[in-house]
1. If the Cβ limit is 6 Å and pairs must be 6+ apart or interchain, which residue in region A:384-412 that is over 15 Å from A:F369 (Cβ atoms) and in contact (Cβ under 8 Å) with a residue 24 or more places away in the chain pairs with which residue that is surrounded by 13 or more Cβ atoms within 10 Å (Cβ to Cβ) and not hydrophobic (A, V, I, L, M, F, W, C)?
2. Return yes or no: is B:Q275 at pLDDT below 90, more than 20 Å from B:Q343 (Cβ to Cβ) and outside any loop (DSSP other than H, G, I, E, B)?
3. State all residues of region A:144-158 that are surrounded by fewer than 18 Cβ atoms within 10 Å (Cβ to Cβ) and closer than 20 Å to A:Q302 by Cβ; if no residue qualifies, say none.
4. Report yes if A:F449 is buried (at least 21 other Cβ atoms within 10 Å of the Cβ) and on the phi > 0 side of the Ramachandran plot, otherwise no.
5. Would you be able to tell me the number of residues in region A:313-327 that are away from chain B (no Cβ under 14 Å) and closer than 15 Å to A:A408 by Cα?
6. If B:S206 satisfies all but one of (1) at pLDDT 90 or above; (2) surrounded by fewer than 21 Cβ atoms within 10 Å (Cβ to Cβ); (3) closer than 29 Å to B:D101 by Cα, what's the number of the condition it fails?
7. State which residue is nearest to B:L286 (Cα to Cα) when the search covers only region B:7-19 and only residues that are under 10 Å from the mean Cα position of the chain (by Cα) and surrounded by 24 or more Cβ atoms within 10 Å (Cβ to Cβ).
Amino acid sequence: MNKKSSAQGPGQDAPTHSVPAPQPLSVSLEANVQEISKRIGESSDVVFRHFTNESLSSSPLAFIYIDGLVNSEMVNQTVLQPLMETVVPKIPDITATDAYNLVKDQMLPIGSVKEGKTLESLLGMLFDGYTLILFNGMTTALAADTAGWEKRSINEPTSQGVIRGPKEGFTENLRTGTAMLRRRLKTSDLRIEEYKIGERTQTGVALVYLEGIASAEVLKEIRRRLNAIQTDSILESNYIEEFIQDGGLTPFPTIQNTERPDALAGGILEGQVGIIIDGTPFALLAPSTFFNFFQSSEDYYQRYDISSFLRLIRYSAFFVSMLLPALYIAVTTFHQEMLPTTLLVSLAAQREGVPFPALAEALLMELTFDVLREAGVRMPRTIGPAISIVGALVLGQSAVQAGLVSAAMVIVVSFTAISNFVIPSLAIANSIRLIRFIMMLIAATLGLFGIMSFLMVLLIHMAGLRSFGVPYLSPVAPMTPRYLKDIFIRVPLWDMTIRPKTNLGKETRRQGKHQKPEPAKKLQKPEGENTP
Amino acid sequence: MQKKERISTLQVIFMTMLFEIGSTPLFLIGGTVKQDSWLAMSIGAAAGFLLLLLLLWIQKHSSGQNLMNMLTAHFGRFSGSLLGGIYCLYFAYQSMRNVRDLGELTAMTLLPRTPVSLTMLLFVLIALYAIWKGTEVIFRLPEILLPLVLFFYGVIVLLLGIMGAIDLGRLLPVFESSPGMLVQTALPDILSFPFGQMIVFLMLWSLWDKPGVPYKQSLVAYALISLFLIFMNIVNMAVLGPTIAGISQLPLLKVVRTLSNLKFIERLDILVTIQLFIGLLIKMMLFFLCAVKGISVLTGKREQWWVFPVGAVIYGTSFLARNYTEHIAIGLGPSLKIDPLFQVAVPLLLAFSILLRRTNKRSSPQKRT
């Protein structure tokens, strides 16, 4: 990775800007402490502490840690106390190396102790919450893992709620995330690979997958793309998503995001690769096909019949949300003859006093709704009721009464808006929000023919799209009939014997062959005899 | 992009079916024999079945080759390429017919005041986009579109049945026309449209992702879709009767308009138009694709290099007929007379040449080097 020299402004002259060689530690303790202090710029949260333990070494030692990133109690008990209070039986002519080994091997009652030889690696550990222990006369230093900062406790996911199902969501902490996943997948096949991405944020990114189930090709590709990222900062999973997803110029998402550990585990069990990012509760799942975005984890927590029904509702909501305003425009401007006469008369009567053409009316209302929606997200909680009164009553009812828009249009726009929220994934719901506007413009110029043409273009586009080598419309196009059990409907769990794999990777069985619950054959007979 | 394009078995089946549906139910095929048109159509379909067997046999004996390779291999470099070029023109011509059909259909049903040039341009551009994306993408489309089209046809037939519009009595008397008349109607006219158009698959079968030729799959798909087409012909006739069906430009549209007393949607034209739009688009796209493929094989240039020129030619030539009547007249007149040359004569020659070579090889292997 191309390392820009950190903490340097862009005004630095270019030739010296190349990759600086990592700076090894010097023999002198003071020089090292000075250098670290200089690099950090004497920030107030960094604690430097010199001490001497006569029994250990005649020269002083130093601790460095960052207040707030470490658990102070832990630092006191496991680093400061043992080192400062233990009196080692005096060894004559104790050298710095002896002292170093003694400390490393015997005096740190703590899980993870690392060694650092360069300033850069030490600084990196410092920012991860390690406590550094520097020795005079040594060119290596010890770092003890004392990380412990304030974090949010595990809460219910706010963006992906369920009625039945686990109520815990990821938090901003990477380690909490991986632990939640481990708790669900207690198998030695679960792999967690960590990366540090972002020159200045050094964000922890964990690639999680099941060995032998995730496709090796996909994994290789994701690793390659993750390693290729050169950026200043990764603050949220979308940063990663935009850097690694296929097809830059597409309105459709090719990577899922989820706040739910059970959804992540479910995806991983089906051969997807998860990416958990430090600092955000939203984890990523790839490769994702179009149909993945219509599956909700709750589908598997409810009976299959109702789940199948809800799936179909979601697909229709998708089309309604994309097409309804456009169809309304097309039918009222171009193809009035398609409507039954009574409906046509009532529509015409409503539109009589409306000053705008159907397109203007629809655009006006759609934009209004998008404004309301954005306001709803941004506004402070306490003034929420005011917005809903203004939105619902003033804009809706009064606009109709004032004759600015027709009542039918208000119905169309509201139903469109509600349909948009039926789709479980916000990512794909957002993409059709934009497509809807294009659709409306085309409907106003070319009517139904335009709508059909644009749908066809979208279909061709989607048929050509790939997510990490997996065709976006699989398993429907290219079709694999035996994988269709979990696409439009959800068959009972006992019938999903084969992992619905994409065309990459190998097919594996995920449950036994005859799982359908049936009464035992032997029990049936006496029962039959008993009944009169 | 360097990876060789591959199409799966299901894709072959779906494409065969959707391609054969195309715009066929739109027209009344074999209208000259009135209520016996479905019999004429059956004869045409049977003849088409034999032709399909021939085509598959040719493909089997030239494994991995497409039509252009076969032509150059059997007729020599120069005359083979010349014939290949003529085939490309033929494909482009067929493609252009579909473009014009759609343009006129749109003007007739959906957009009476929009210039045909605009709708046809859009249509060509959609196909161009798909071909630019590649053969694999095109072959994915029927997997979504065919179920949709069949579903819509199912809805229409169901509604017609419920409304009691289908009167099989209109098909009586059966065999009013003499068998000779029926054969005359079927051959070569019904054979060349739509059944003989399977010739395009000589350009496509070599892309199958398994070794060999999709014999069984193609034949089954063809048989099923022939039955479907004959069934739709019967429905057309049973709803409208021979007289009205014979004089209307687009009988299917008329059929659907009989459904006007459904209280929900007054006219289901839109359903028909969607089906025809999809059917025409796929058909046109496939002819377009084959023209592009053919010319790219002959010139050795990449397919994407030829997409735009061929598209421009198709769009330009679609204006040649002065009006729809002339367009139809050409389609039912000269066009049907030329079709057998491309669909039957040349494949027969190819088959003959293959036979000759095989017997040569078997009888005198020592003569060949």
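1. Between residues of region A:384-412 that are over 15 Å from A:F369 (Cβ atoms) and in contact (Cβ under 8 Å) with a residue 24 or more places away in the chain and residues that are surrounded by 13 or more Cβ atoms within 10 Å (Cβ to Cβ) and not hydrophobic (A, V, I, L, M, F, W, C), the close pairs are A:S406/A:Q350; A:S406/A:R351; A:A407/A:Q350; A:A408/A:Q350.
2. Yes, satisfied.
3. Selection gives A:E156 alone.
4. no
5. Residues meeting the conditions: 2.
6. Exception for B:S206: condition (3).
7. Across region B:7-19, the extreme among qualifying residues is B:F19.
Results for (1) at pLDDT 85 or above; (2) closer than 24 Å to A:S308 by Cα; (3) surrounded by fewer than 20 Cβ atoms within 10 Å (Cβ to Cβ), shown as yes or no for each residue.
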residue	(1), (2), (3)
A:A463	yes, no, no
A:R466	yes, no, yes
A:R490	yes, yes, no
A:W494	yes, yes, yes
A:E529	no, no, yes
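The values are calculated or read from the model by the stated rules, or taken from the named source; none is laboratory data. Just so we're clear, the structure is a prediction, and the values are computed from it rather than from any experiment. Quick reminder, even Gly has a Cβ in these numbers, built from the backbone with ideal geometry, and neighbours come from all protein chains shown.
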